[in-house]
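Notes for the one structure printed next.
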Amino acid sequence: MFTLGDFKIHLINDAFTLVDAGGVFGLVPRVLWRDLIAPDPENRVPMAYHALLVQTGTQTILIDTGWGNQVPEKQQQFMEMNRAQGGVMGALARIGVAPEQVDLVIDTHLHADHAGGNMRLSADGALVPAFPNAEYVVQRREHQDASHPNERTRATYLSENFEPLLKTGQMRLLDGDTDLAPGIRGVCTPGHTPGHMSVIVQSGGESLLFVCDLASYAVHFERLGWMTAYDLEPVVTLETKRIWQKWASENQALIVFPHDKLRPMGRFAFDQKGRGTVTPVIEPYA
């Protein structure tokens, strides 16, 4: 746990997996990235799945929910998924927060590794909201794309992760940048998906940016031309990162990266040659 002004912040990791480096680095040649993140003999690199719990003093807010408990065993084995610490729910238990105490869930986007934990399988096999008293929010454009997937996106947009919440009125759709709570703002950061959202947290003159998949790893934020093969609009990703590099530098913001096991958090700055660098900030997982 660390503080940001008056807020308590908890960095949560839902799981570790191994994924093909071609997905993480896209068109970037292996010779350029292999010394930064060493691949295994099958050309896989480690991937974390970060969420953030923000306790403002009046509200308990969860940003992204991870995979959830309904990932098929075959998929877990394929990814060599390690959830030894109990994922998001295990972290909340260690913090002392019951699922019923979460007031707001912010879905940066609706890919299964970020929104699968919106719902959970109960003991009797029923699919129920994981956070029964929370309001869930996501961008309307993201929901539009998620509810009309194509051949590329349908494997990760799973309607059971969001449609039940819409039917009951528990999920609210956002139209652009939105103040979600005092000190918490959702901002549109398209590229990974057209409706992708990042989250700004500000308190006591301090700033944090949960970039989510605008920059899956710290190096993606440092280098404008590096992005994952998962990005649907890579050139849009590049220009969106340009905007938020400047913002992060001007605000000396702490940045949280969703999938980087080695540099989960850091602060961005430009060096004397105008190159971007992320200095790691080390905090333990909840």
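Every read-out reported here was derived from the displayed coordinates using simple, explicitly stated rules and does not represent laboratory data. Keep in mind the model is a prediction, meaning the values are calculated, not measured. Note that each Cβ is placed from the backbone with ideal geometry, even for glycine, and that neighbours are counted across all protein chains shown.
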Query raised in the report: Counting Lys and Arg as +1 and Asp and Glu as -1, each charge on the Cβ, what is the dipole of segment 157-257 about the Cα centre in debye, to the nearest 20?
Result: 100 debye
Query raised in the report: Roughly how many Å is it from the Cα centre of segment 1-18 to that of segment 25-42, as a whole number?
Result: 27 Å
Report summary line: Labelled set (i) 43; (ii) 16; (iii) 63; percent of Cα pairs over 33 Å apart computed from this model equals the value at (ii)
Requested in this report: With +1 on each Lys and Arg Cβ and -1 on each Asp and Glu Cβ, and nothing else charged, work out how big the dipole of the chain is about its Cα centre, in Debye to the nearest 20.
Outcome: 520 debye
Query raised in the report: Using a Gaussian network model of the chain with C-alpha springs under 10 Å, which one of H109, H50, H220 is most mobile by mean-square fluctuation?
Result: H220
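Would you list E100, E206 from fewest to most Cβ contacts within 10 Å?
E100, E206
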Query raised in the report: Counting other C-beta atoms within 10 Å, which of E283, E73 has the fewest, and how do the rest follow?
Result: E73, E283
Query raised in the report: How much length is gained on full extension from Q252 to F78, taking 0.36 nm per residue of separation minus their Cα-Cα distance?
Result: 58.7 nm
Requested in this report: Please report the relative contact order for the chain, taking Cα pairs under 8 Å with a sequence separation of at least 6, and give it as a percent rounded to a whole number.
Outcome: 18 percent
Query raised in the report: Can you give me the Cα centroid spacing of segment 190-227 and segment 83-136 in angstrom?
Result: 22 Å
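If contacts are Cα pairs under 8 angstrom and at least 6 residues apart, what is the relative contact order of segment 104-223 in percent? Don't jump to the answer; show the numbers that get you there.
Working: 192 pairs, mean separation 27.2, N = 120.
The normalised contact order for segment 104-223 reaches 23 percent.
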Query raised in the report: What is the distance, in nm, between label points placed 7 Å from the Cα along the Cα-to-Cβ direction at S147 and at D20?
Result: 3.2 nm
Query raised in the report: Quick one: net charge of A51's neighbours, Cβ under 11 Å, K/R +1, D/E -1?
Result: -4
Report summary line: Listed with the fewest Cβ neighbours within 10 Å leading, I243, I106 appear as I243, I106
